[in-house]
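Encoded as structure tokens, the structure appears first; notes follow it.
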Amino acid sequence: MNKLRSMRFSRSSSKLGNGNKAAQLTENGCRSNGEIKWELRPGGMLVQKRENNQSAGERMITIMVSTVSQLHDISIEATSTFGELKMILSLVTTLEPREQRVLFRGKERDDNEYLHMVGVRDKDKVLLFEDPATKEKKSVHLPLTI
């Protein structure tokens, strides 16, 4: 049982190509010669530690949203949903989120789909159309002036 507790998650120095086994350890138990640093996530998953303090979900991306007549640059978190994107677009355009149809890579995306999960990256283009059903309802409910 003690062997498991004292076991360190690191590469051996022979894999790194140097025969110096006396490499200095840093305070977190990793060698200072370019080894991978590990961290234990709350769910118990052991993952490679990120170098910067910012997690992947906090990264902001800029999306170019094209409508029929306008182009908008929208800054949003990479892990946001298309529903959240529609909420931001409702502030920029005159369309409510339920009136919007958002297409990425030729497919209409659901409100609960995540941007990063379908491959949206920084500077990607998304198309925004008005839902034809709501467009038709608006034209039917407009008062006629004679």
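Residues in region 72-87 that are within 16 Å of the chain's Cα centre (by Cα) and hydrophobic (A, V, I, L, M, F, W, C): ILE74, ILE76, ALA78, PHE82, LEU85.
The set of residues from region 109-121 being within 18 Å of MET64 (Cβ to Cβ) and loosely packed, with under 13 Cβ neighbours inside 10 Å comprises GLY119, ARG121.
The set of residues in region 68-108 that are among the aliphatic types (A, V, I, L, M) and either in a helix (DSSP H, G or I) or within 15 Å of VAL120 (Cα to Cα) (or both) comprises ILE74, ILE76, ALA78, LEU85, MET87, ILE88, LEU89, LEU91, VAL92, VAL102, LEU103.
Would you check which residues across region 49-62 are at pLDDT below 80 and not basic (Lys, Arg) and list them?
Start the filter on region 49-62 by keeping residues that are at pLDDT below 80, which leaves 49-58.
GLU51, ASN52, ASN53, GLN54, SER55, ALA56, GLY57, GLU58, listed by residue number.
Listed conditions (1) at pLDDT 90 or above; (2) surrounded by 13 or more Cβ atoms within 10 Å (Cβ to Cβ) are all met by GLU35, apart from (1). Considering (1) open to solvent by less than 80 Å² (accessible area, probe 1.4 Å); (2) at pLDDT below 90; (3) outside any loop (DSSP other than H, G, I, E, B), the lone condition that VAL65 does not fulfil carries the number (2). Taking every residue in region 82-102 that is open to solvent by 80 Å² or more (accessible area, probe 1.4 Å) and pairing it with any residue that is in a helix (DSSP H, G or I) and not charged (D, E, K, R), at least 6 positions away or on another chain, the pairs with Cβ-Cβ distances below 8 Å are MET87/PRO97; GLU96/SER90; ARG98/THR134.
The values are calculated or read from the model by the stated rules, or taken from the named source; none is laboratory data. Everything numeric here is computed off the predicted structure, so don't read it as measured data. Counting neighbours? That spans all protein chains shown, and the Cβs are built from the backbone with ideal geometry, glycine included. Each accessible area value is taken on the protein alone, full model and side chains, heavy atoms only, with ligands, DNA and RNA left out. Shrake-Rupley method; radii C 1.70, N 1.55, O 1.52, S 1.80 Å.
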